[in-house]
Amino acid sequence: MQLDDLTRNSSEWLRGAGPESDIVISSRIRLARNLADFPFIARASDQDRVQIEQTLKDCLLAITEPDELLYIDVDELPGIDRQFLVERQLISREHAESQGARAVAIDRLEKFSVMINEEDHLRIQVMQSGFDLNSAWEQIDRIDDQVEGRVTYAFHERLGYLTACPTNVGTGMRVSVMLHLPALVITRQIEKVFRSLQKIGLAVRGLYGEGSQAMGDFYQISNQVTLGMSEQELIKQVADVVPQIINYERKARDFLVRDSHESLHDRVSRAYGILRNAQTISSEETMHLLSSVRMGINLGLIEDLEIPTINQLFIQTQPAHLQKISGAELDTADRNIERARYLRRHLNKDKMGGAEKN
Amino acid sequence: MKCQKCNKPATFHITELTGGTPEELHLCEDHARQYLTQSGEEPAAASTMAAALAQQMAQQLLGQTAEELAKLDRQACPVCGVTFYDFRSQGRLGCPHDYTCFEAQLQPLILNIHGETKHKGKRPRRGARDAQQRTQLIRLRREMKEAVAREDYERASELRDEIRRIEGANR
């Protein structure tokens with residue numbers, strides 16, 4: 001399997017299926033692990049990094065079926081391909097931008113990815129469409145056991161799994177759920193929700209982390225603490241709060257439908273109209289409008305579109321994806337034109353007699 | 001207007017909308033780029049870490065002389081050679097043994113971050129003792145390389161045997 005095959009596939013987390021998938025995009029769990037007999041990345045020599053990578057590569061290939069894994073040497077990868085992997089949430093920005101021997105292994109369905117030589121030697125990540133943390137845990141626990149059958153992890157009797165940064169020590173686990181919360185944003189209640197989450201020790205981030213404002217009204221909720229609570233307790237901490245947020249979002253949507261139906265319908269229809277007709281459009285505007293359209297589909301205001309199509313467009317219209325799909329390197333202005341063309345093609349399909357999907 | 005992080009003129013004015021109330025940032029080009037391209041993976045963890053470290057250092061300053069602090073900063077891990085200063089400035093440890101050799105400093109820091117100091121949950125089938133023994137390989141490999149460099153082949157071969165013994169022990 002090749003990297004380019006991914007451009008034609010849809011990631012598991014964009015499938016738009018699973019429990020509560022109108023609001024919950026995906027459930028993810030990641031584990032940070034380190035080999036006991038090598039320094040952490042900050043003190044690892046080039047030779048150490050190569051050996052860590054080789055050891056973990058052999059291990060991953062041994063525990064998976066032939067052809068199941070796409071193993072990518074990130075250090076050798078062109079910049080655009082690294083950005084492509086970041087956009088798909090298969091690697092972190094840090095992993096894309098750092099130096100030295102490092103890799104990522106991805107299964108063909110994009111249900112899990114394993115970063116090698118990121119902040120820790122091993123960052124295992126499992127993603128599941130919809131609200132389904134238990135399946136994600138079952139999968140990652142199994143992968144972790146299989147890896148542990150072949151290597152010795154750095155582990156401390158009292159502190160648990162040892163990590164390069166003490167913020168991850170213990171379980172090394174981050175549980176996160178990505179939510180689409182447009183109605184809470186429109187009704188200006190989102191900050192209140194954030195504050196209450198922070199009070200109970202949960203972190204809130206945007207789609208690609210905290211750097212910029214939350215694109216497309218997507219928010220990730222995750223645990224902060226990794227030590228002193230078991231994996232099940234950490235999952236429960238996040239899982240218990242998600243239904244409440246879903247409930248707030250549904251109430252906000254009901255309120256908009258009931259009390260400002262015209263302006264809501266207008267917002268959704270205009271967004272759809274612009275996306276279907278624009279000749280040049282930025283990534284930010286696209287995300288913003290797709291968010292309204294996505295909510296419109298869920299509320300029955302748009303009937304000729306499916307959620308998985310919209311989920312896909314969120315990713316396919318991002319800079320590296322657009323360039324991979326069109327097969328050319330494009331500057332910002334050309335990307336905006338290509339993005340508008342791509343959106344028109346995919347959103348006007350029926351009227352144009354079913355343009356080919358790529 | 002000057003950049004908030006250095007003395008250069010601020011040419012970038014950013015309004016941060018995450019994290020509750022809008023926050024205005026005024027930065028020079030270099031710091032703006034750094035800010036905008038900062039790793040998106042776990043900034044929350046990084047800031048938690050930085051805040052906890054700062055608090056920790058402030059507390060230690062109260063009880064210790066500058067000389068004692070400088071001595072602490074120079075303290076190095078016998079396995080990987082990282083100093084406490086390296087950790088303090090980068091927020092990243094050098095090897096698993098650091099958790100043992102800097103235990104006195106890390107314990108309050110970990111308590112501050114997690115509110116707990118004891119792991120609960122999954123354990124690998126191989127015990128902690130196996131893991132700690134394997135961590136000694138980091139030191140042994142380093143010493144072997146040094147022995148070879150100074151042409152002390154007798155010592156190098158002793159170290160090689162020791163490495164092989166540990167490597168073979170839990171395979």
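The values are calculated or read from the model by the stated rules, or taken from the named source; none is laboratory data. Since this is a predicted model, take the numbers as computed values, not measurements. As a convention, Cβ positions derive from the backbone with ideal geometry for all residues, glycine included, and neighbour counts pool all protein chains shown. Calculation scope for accessible area: heavy atoms of the full protein, side chains included, ligands and nucleic acids excluded. Shrake-Rupley method; radii C 1.70, N 1.55, O 1.52, S 1.80 Å.
The residues of the protein assembly as shown present an accessible area of 45 Å² per residue when probed at 1.4 Å with all protein chains retained.
Build a GNM of chain A with springs between Cα atoms under 10 Å apart, and of A:Leu56, A:Leu77, A:Leu207 the one that fluctuates most is A:Leu77. So which residues in the range B:76-123 end up with at least 50 square angstrom less accessible surface once the other protein chains are there, compared with the chain by itself, probe 1.4 angstrom? Residues meeting the cut-off: B:Arg92, B:Leu93, B:Pro96, B:Tyr99, B:His114, B:His119, B:Lys120, B:Lys122, B:Arg123.
To the nearest ten degrees, helix A:190-199 and the longest principal axis of the Cα atoms of chain A are 20 degrees apart. Roll a 1.4 angstrom probe over the protein heavy atoms and tell me the percent of accessible area of the protein assembly as shown that is carbon or sulfur. Using a 1.4 Å probe with all protein chains present, the protein assembly as shown comes out at 48 percent carbon and sulfur. Other residues with beta-carbon under 11 Å from the beta-carbon of A:Ser260 carry, at +1 per Lys or Arg and -1 per Asp or Glu, a net charge of -1. A:Asp107's amide H: which non-local residues (gap 5+, or another chain) put their own amide H closer than 5 Å, with H modeled 1.01 Å from N in plane and none for Pro or chain starts? Placed amide hydrogens put A:Leu70, A:Phe112 under 5 Å from A:Asp107. When the trypsin sites (Lys or Arg not before Pro) in the range A:112-199 are filtered for DSSP coil states and for at most 13 other beta-carbon atoms within 10 Å of their beta-carbon, the remaining sites are A:Arg158, A:Arg188. Can you give me the angle between helix A:332-347 and the longest principal axis of chain A, using Cα atoms only, in degrees from 0 to 90, rounded to the nearest 10? That helix lies at roughly 70 degrees to the long axis. Listed values for the range B:128-139 are Karplus-derived 3J(HN,Hα) couplings in whole Hz (6.51 cos²θ - 1.76 cosθ + 1.60, θ = phi - 60°), namely 5, 5, 4, 5, 5, 5, 5, 4, 4, 4, 4, 5, and x replaces Gly and Pro. When the accessible areas of A alone and B alone are added and the area of the pair subtracted, with a 1.4 Å probe, the result is around 5300 Å², both sides summed.
Applied to the range A:290-307, the Karplus parametrisation 6.51 cos²θ - 1.76 cosθ + 1.60 on θ = phi - 60° returns per-residue 3J(HN,Hα) values of 4, 4, 5, 5, 4, 5, x, 5, 5, 9, x, 7, 10, 10, 9, 9, 10, 4 Hz, with x for Gly and Pro. Kirkwood Rh, Cα Rg: Rg to Rh for the range A:260-347? Using Cα coordinates only, the ratio equals 0.99. Helical content alone sets the calculated 222 nm signal of chain A at -14500 deg cm²/dmol, taking -39,500 (n - 2.57) per DSSP H segment of four or more residues and averaging over every residue. Kirkwood radius for the protein assembly as shown, taken over all pairs of different Cα atoms as the inverse mean of 1/r, rounds to 25.0 Å.
A cut-off of 5 Å between modelled amide H atoms, ignoring neighbours fewer than 5 places along the same chain, links A:Leu35 with A:His121, A:Ala154. 3J(HN,Hα) couplings calculated from phi for the range A:75-85 with the Karplus curve 6.51 cos²θ - 1.76 cosθ + 1.60 (θ = phi - 60°) are, in sequence order, 4, 8, 6, x, x, 5, 6, 5, 5, 4, 5 Hz; Gly and Pro show x. Taking every alpha-carbon pair within the range B:128-170, the share separated by more than 12 Å comes to 56 percent.
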